[in-house]
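Novice: Pasting in a structure now, in structure tokens, and then I'll have a few things to ask.
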Amino acid sequence: MDKVISIEGVSFAYDHRPVLSDINLTVEPKDYMAVVGPNGGGKTTLLRLILGSLKAERGKVRVFGLPPAKARHMVGYVPQHGVFDPDFPVSALEVVLMGRLERRAFFPRYKREDYAAAQEAMGLLGVDNLGEYRYGDLSGGQKQRVLIARALVAKPKLLILDEPTASVDSRVEQDVYELLSRLNEEITILIVSHDLGFVSAYVNKVACLNQWLAVHKTEEITSEVLAGLYRSSVEMIQHRCAL
Amino acid sequence: MGEFFQALQQFSFMQNAVAAGILASLASGIIGTYVVVKRITFISGGIAHAVLGGMGVAYYLGADPLHGAIAAAVFSALLMGFVNLRAKQHEDTIMGALWAVGMAVGIIFMSLTPGYNVDLMSFLFGNILMVTDPVLRILLILDAAILLIVAVFYRQFMAVVFDEEQARLRGLPVDFLYMLLLCLIALTVVILMKIVGLILVIALLTLPAAIAGLYTSKLSRMMVAASLLSLGFTLAGLIASYHFNLPAGAVIVVLTGLGYLIALVAKRVHTHLLRRQSQSSVGVEQ
């Protein structure tokens with residue numbers, strides 16, 4: 001079967017400061033992979049390369065066998081919820097509907113299928129009653145779920161989430177990971193996180209990134225591996241659904 | 001007030017003034033909303049002042065200064081769009097340069113033009129009472145163009161302004177849309193110039209939308225509210241200036257500014273009262 005993501009020998013530097021060095025990464029269909037590492041280790045850059053907003057200076061990036069820019073319609077992306085202007089006059093439903101936009105979207109009205117897809121996605125995330133609220137007025141957890149719904153409405157085959165549970169309480173965090181596990185039956189999932197803790201219970205592969213990349217099956221992750229990654233003594237907290 | 005309505009019935013210049021006010025309010029409400037929400041007030045100011053350059057050159061060449069204004073406005077918009085895409089780190093400085101140099105070029109060319117230049121003042125501070133029928137026709141066409149383009153690209157503009165990254169991911173032509181929006185701002189600046197003049201365009205472009213933004217939570221409603229507010233301030237200013245024999249443009253801007261101040265204070269008080277109410281009914285929470 002075709003690989004979902006294929007990254008070969010990729011290096012990237014910002015103004016001569018190396019951020020990624022000789023990265024090789026393969027994501028297979030139906031993988032549920034976490035990319036972890038310290039801040040500044042290149043996780044955001046890696047995401048940008050996969051999404052096509054950055055181009056690698058060296059090496060090859062392919063998504064579903066295509067250059068990233070051509071595969072965008074099959075990818076759903078969930079950014080961190082805090083990057084938007086909290087005063088922006090847009091409702092939660094309108095944010096989700098934006099996930100259905102395309103080049104030929106003219107005039108203000110969405111189609112019936114768009115509303116149906118938005119309703120379905122919001123229902124899945126448990127935010128379907130929040131549609132008319134202003135997006136900026138929602139809590140962090142609600143905003144994050146709205147953004148996940150937005151990424152799902154176009155029925156992507158690959159879902160990429162950037163720190164989806166930063167500033168979200170653990171109850172919501174668990175719900176989100178459970179939901180992603182269910183979605184994983186159909187969709188390949190890539191989560192970027194700076195914290196391995198909770199997510200390790202759900203993913204099947206972990207990519208450790210700090211300018212260099214090493215991929216492990218989740219069982220193989222030990223405190224030594226993590227210490228090496230973070231270059232200091234690290235305590236790995238193991239949650240076991242005790243909430 | 002009575003004299004104003006008498007004048008309205010009798011004089012075509014007053015009818016034209018009101019018509020120009022209505023057209024300007026539509027543009028300022030709709031486009032002003034984008035300017036406020038995307039926080040590009042500075043760029044709009046730069047375009048406004050650069051317009052004088054185009055008008056100066058047009059004057060010198062013996063052409064219609066309004067055409068020069070439109071050309072200069074669109075040119076500035078495209079220039080700023082280009083800078084935003086290719087040289088973002090210099091955007092602020094280039095904006096300032098465009099602002100000042102544009103005006104300077106205009107003044108130089110006007111001084112080179114033989115003849116009496118009473119129009120410089122009216123371009124700088126507006127001449128709503130001197131709107132001729134041909135000018136009104138041009139304003140109508142500009143308004144129609146703005147309304148049509150905003151209607152067609154409504155969802156795409158909203159996506160680009162709210163979350164550019166996501167818009168790009170959905171395949172929207174983000175760069176083109178941003179340039180188009182700047183051009184619409186340019187056209188709006190030219191329309192508003194007639195009412196309040198170049199120097200004061202910023203006020204009418206941003207303040208009604210800013211007031212609307214305090215009390216609405218949907219983009220479309222913000223646009224409607226901003227247009228109505230703009231119309232209210234323009235007509236009130238027109239009536240007041242007629243009554244007290246003061247320059248219309250300046251009175252409109254002062255009223256708009258006062259309106260904004262009152263709206264801000266009212267909003268603060270409103271929020272404060274709501275907070276006190278919820279605290280007293282629930283009890284202070286730990």
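All of the numbers you see were taken from the coordinates with simple rules; none came from a lab. Predicted, not measured: the structure shown is a model, and the values here were computed from it. Cβ sites come from the backbone with ideal geometry, for glycine too, and all protein chains shown count toward neighbours.
Novice: Using unit Cβ charges (K, R positive; D, E negative) and no other charged atoms, how large, in debye to the nearest 20, is the dipole of segment B:2-282 about its Cα centre?
Specialist: So the dipole magnitude of segment B:2-282 works out to roughly 960 debye.
Novice: Can I ask one more? What list of ³J(HN,Hα) values in whole Hz, one per residue of segment B:259-265 in order, does the Karplus curve 6.51 cos²θ - 1.76 cosθ + 1.60 (θ = phi - 60°) give from phi, with Gly and Pro shown as x?
Specialist: My calculation for segment B:259-265 gives x, 5, 4, 4, 4, 4, 4 Hz in order.
Novice: Within 13 Å, Cβ to Cβ, of A:ARG58, how many net charges do the neighbouring residues add up to if Lys/Arg are +1 and Asp/Glu are -1?
Specialist: Charge balance in the 13 Å sphere: -1.
Novice: Now for a different question. Got a sec to turn the phi values of segment A:201-211 into Karplus ³J(HN,Hα) couplings, 6.51 cos²θ - 1.76 cosθ + 1.60 with θ = phi - 60°, whole Hz, x for Gly and Pro?
Specialist: 6, 10, 7, 9, 9, 10, 9, 9, 10, 8, 6
Novice: While we're looking at this one, here's another question. Among the aspartates and glutamates, which have Cα under 13 Å from the Cα of A:LYS60 when same-chain residues fewer than 8 positions away are ignored?
Specialist: Excluding near neighbours in sequence, the set is A:GLU8, A:ASP22.
Novice: Right, here's the next one. Over 26 Å between Cα atoms, which of A:LYS3/A:LYS43; A:LYS157/B:LYS218; A:LYS3/A:LYS70 qualify?
Specialist: Checking Cα-Cα distances, A:LYS157/B:LYS218 exceed 26 Å.
Novice: Report the trypsin sites (Lys or Arg not before Pro) located in segment A:20-103 that are in a DSSP loop and have at most 12 other Cβ atoms inside 10 Å of their Cβ, or state none. List each step's numbers first, then the result.
Specialist: Working: sites: A:LYS30, A:LYS43, A:ARG48, A:LYS55, A:ARG58, A:LYS60, A:ARG62, A:LYS70, A:ARG72, A:ARG100, A:ARG103; in loops: A:LYS30, A:LYS55, A:ARG103.
Within segment A:20-103, the qualifying trypsin sites (Lys or Arg not before Pro) (loop, at most 12 other Cβ atoms within 10 Å) are A:LYS55, A:ARG103.
Novice: Hey, what do the phi angles of segment B:176-192 turn into as Karplus ³J(HN,Hα) couplings, whole Hz, using 6.51/-1.76/1.60 and θ = phi - 60°, x for Gly and Pro?
Specialist: 4, 5, 5, 4, 4, 4, 4, 5, 5, 4, 4, 5, 5, 4, 4, 5, 5
Novice: In the neighborhood of B:TYR154, defined by Cβ-to-Cβ distances under 13 Å, what is the net charge if each Lys or Arg adds +1 and each Asp or Glu adds -1?
Specialist: Once positives and negatives cancel, what remains is +2.
Novice: Let me know the charge dipole size of the protein assembly as shown about its Cα centre in debye, to the nearest 20, where only the beta-carbon of Lys, Arg (+1) and Asp, Glu (-1) is charged.
Specialist: Details: 44 positive and 42 negative charges, 108 e Å.
Here the size comes out at about 520 debye.
Novice: To the nearest 20 Debye, how big is the dipole of segment B:1-137 about its Cα centre, given +1 on the beta carbon of each Lys and Arg and -1 on that of each Asp and Glu?
Specialist: 460
Novice: Would you mind estimating how fast the protein assembly as shown diffuses translationally, via Stokes-Einstein at 10 °C and 1.306 mPa s with the Kirkwood radius over Cα pairs, in µm²/s?
Specialist: 61
Novice: Now, a different point. Can you give me the long-range amide H partners of A:LEU213? Hydrogens built in the peptide plane at 1.01 Å from N, cutoff under 5 Å, separation of 5 or more residues or another chain.
Specialist: Under 5 Å from the amide H of A:LEU213: A:ASN24.
Novice: List the chymotrypsin sites (Phe, Trp or Tyr not before Pro) within segment A:23-114 that fall in a DSSP loop (any state other than H, G, I, E or B) and whose Cβ has at most 13 other Cβ atoms within 10 Å.
Specialist: Values: sites: A:TYR32, A:PHE64, A:TYR77, A:PHE84, A:PHE106, A:TYR110; in loops: A:PHE64, A:PHE84, A:PHE106, A:TYR110.
Filter output for segment A:23-114: A:PHE106.
Novice: Along the Cα→Cβ direction, 7 angstrom out, place labels at A:GLU102 and B:ARG276. What is the inter-label distance in nm?
Specialist: With each label placed 7 Å out from Cα toward Cβ, I get 5.5 nm.
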